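Undergrad: Below is the structure I would like to discuss, written out as structure tokens.
The values are calculated or read from the model by the stated rules, or taken from the named source; none is laboratory data. Note that this is a predicted model, so its numbers are computed, not measured. Positions of Cβ are generated from backbone atoms using ideal geometry, with glycine treated the same way; all protein chains shown enter the neighbour counts. Keep in mind that these areas ignore ligands, DNA and RNA; they rest on the heavy atoms of the full protein, side chains included. Shrake-Rupley method; radii C 1.70, N 1.55, O 1.52, S 1.80 Å.
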Amino acid sequence: MTPPHDTPLALLGYPAESARPLRELLRDLGLTALSVPTEPLGEVLQACAALAFRGALVALPVQAAVLAESKADASALRAGVADALAFTRGAQAHATCTLPDALLDTLEDSGYPVRGARALLIGQSGDLGAGLALTRLGLGSLTLAAASHPEAEGLARGLSPSLKAHVTSRSDPALVTLAERADLIVLTAGPLPPGLLQPFHALLDLTGRTGGAASKAGAALVPLARLPELRLARRLYHATGQRFAPEVLIELARALG
């Protein structure tokens, strides 16, 4: 049975060449998706609300820009980007970043035992927001390595006082020594500093580029294969209010990139 196409959804910032197949895949889910322009962004978002769009999927190039034109939740503010919007007529669009919660979904699905782990998080300010979600699973300790020491200090201010935390920069010569005290390495952005990985480490790589380094060092890779569809399920729920099984979203998640 063909589902009713009664949930208008905006595709914000997706190129025309990719929007058509996305619309067809979304139609199979019962969603009527329409591409919308990105300029002037504030007026576009107001028009979407006035035209009764339920929400929007936001493409990467405009994910930072939507924050200034929307009411962002804590996840979006911490990450500095928003990947989904929900519209309410007469009010600012509600923006979120689903990556942190989707990452937790993926780890719980994989069965990796995060609780009690000694973690080293390496990345940049916005991207590290996703890795910081791991603190909600009961890390034993955390070392936070950002682009600079002040940036790491700023991120650490939002951590629970009960969490044993240390801040540094990813260029700190002592990072290799700090890594030896960790059993979980989390890379959220940029290259992995050389010489960090040891056979006793598990690597959670959100960049998808260091599998070879993990194999060479004998480190285990935490599986993230289901992250795209688990994240898309959360994006669609925020944008439409409808829940979709991740299993039916694999092709759409691949098309979204």
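Undergrad: For the list (1) closer than 18 Å to Pro113 by Cα; (2) modelled with pLDDT of 95 or more, I need the number of the one condition that Leu175 fails.
TA: (1)
Undergrad: Quick one: what pairs do we get from the stretch 102-119, first residue among the charged types (D, E, K, R), second open to solvent by 80 Å² or more (accessible area, probe 1.4 Å) and assigned to a loop (DSSP other than H, G, I, E, B), C-beta under 7 Å, 6+ apart or different chains?
TA: Partner pairs satisfying both residue conditions: Arg118/Arg181.
Undergrad: Those residues that are assigned to a strand (DSSP E or B) and of a type in the set (Gly, Ala, Ser), I need them from the stretch 33-65; list them, please.
TA: Scanning the stretch 33-65 gives Ala33, Ser35, Gly55, Ala56.
Undergrad: Kindly indicate which of Arg89, Arg27, Arg78, Arg23 is open to solvent by 40 Å² or more (accessible area, probe 1.4 Å), out of contact with any Pro (no Cβ under 7 Å at 6 or more places or on another chain) and in a loop (DSSP other than H, G, I, E, B).
TA: Selected residue: Arg89, the only one of Arg89, Arg27, Arg78, Arg23 that is open to solvent by 40 Å² or more (accessible area, probe 1.4 Å), out of contact with any Pro (no Cβ under 7 Å at 6 or more places or on another chain) and in a loop (DSSP other than H, G, I, E, B).
Undergrad: Please go through the stretch 55-64 and give me each residue that is open to solvent by 50 Å² or more (accessible area, probe 1.4 Å) and small (Gly, Ala, Ser), ordered by number.
TA: Ala64 - this is the single residue of the stretch 55-64 that is open to solvent by 50 Å² or more (accessible area, probe 1.4 Å) and small (Gly, Ala, Ser).
Undergrad: Related question: So, Leu34, is that one under 16 Å from Leu236 (Cα atoms) and open to solvent by 80 Å² or more (accessible area, probe 1.4 Å) or not? Steps first, please.
TA: Numbers: under 16 Å from Leu236 (Cα atoms): yes; open to solvent by 80 Å² or more (accessible area, probe 1.4 Å): yes.
It is true that Leu34 is under 16 Å from Leu236 (Cα atoms) and open to solvent by 80 Å² or more (accessible area, probe 1.4 Å).
Undergrad: What pairs can you find where one residue is in the stretch 24-52 and polar (S, T, N, Q), the other is part of a helix (DSSP H, G or I), and their Cβ atoms are less than 8 Å apart, with a gap of 6+ or different chains?
TA: Matching pairs, first to second residue: Thr32/Leu26; Ser35/Ala16; Ser35/Ala19; Ser35/Arg23; Thr38/Val44; Thr38/Val62; Thr38/Ala65.
Undergrad: Of the residues that sit in the stretch 207-257 and are basic (Lys, Arg) and in a helix (DSSP H, G or I), which one is farthest from Pro100 (Cα to Cα)? It would help to see each step written out before you state the result.
TA: Initial filter on the stretch 207-257 (basic (Lys, Arg)): 209, 216, 226, 231, 234-235, 243, 254.
Then keep just the ones that are in a helix (DSSP H, G or I); that gives 216, 231, 234-235, 254.
Numbers: Lys216: 28, Arg231: 9, Arg234: 10, Arg235: 12, Arg254: 19 Å.
Within the stretch 207-257, the match that is farthest from Pro100 (Cα to Cα) is Lys216.
Undergrad: Next question, about the same structure. I need the full set of residues from the stretch 170-195 which are of a type in the set (S, T, N, Q) and under 22 Å from the mean Cα position of the chain (by Cα), in order please.
TA: Within the stretch 170-195, just Thr188 meets the criteria.
Undergrad: Might you let me know whether the stretch 45-54 holds any residue that is surrounded by 15 or more Cβ atoms within 10 Å (Cβ to Cβ), modelled with pLDDT of 95 or more and within 22 Å of Leu230 (Cβ to Cβ)?
TA: Yes - at least one qualifying residue is present in the stretch 45-54.
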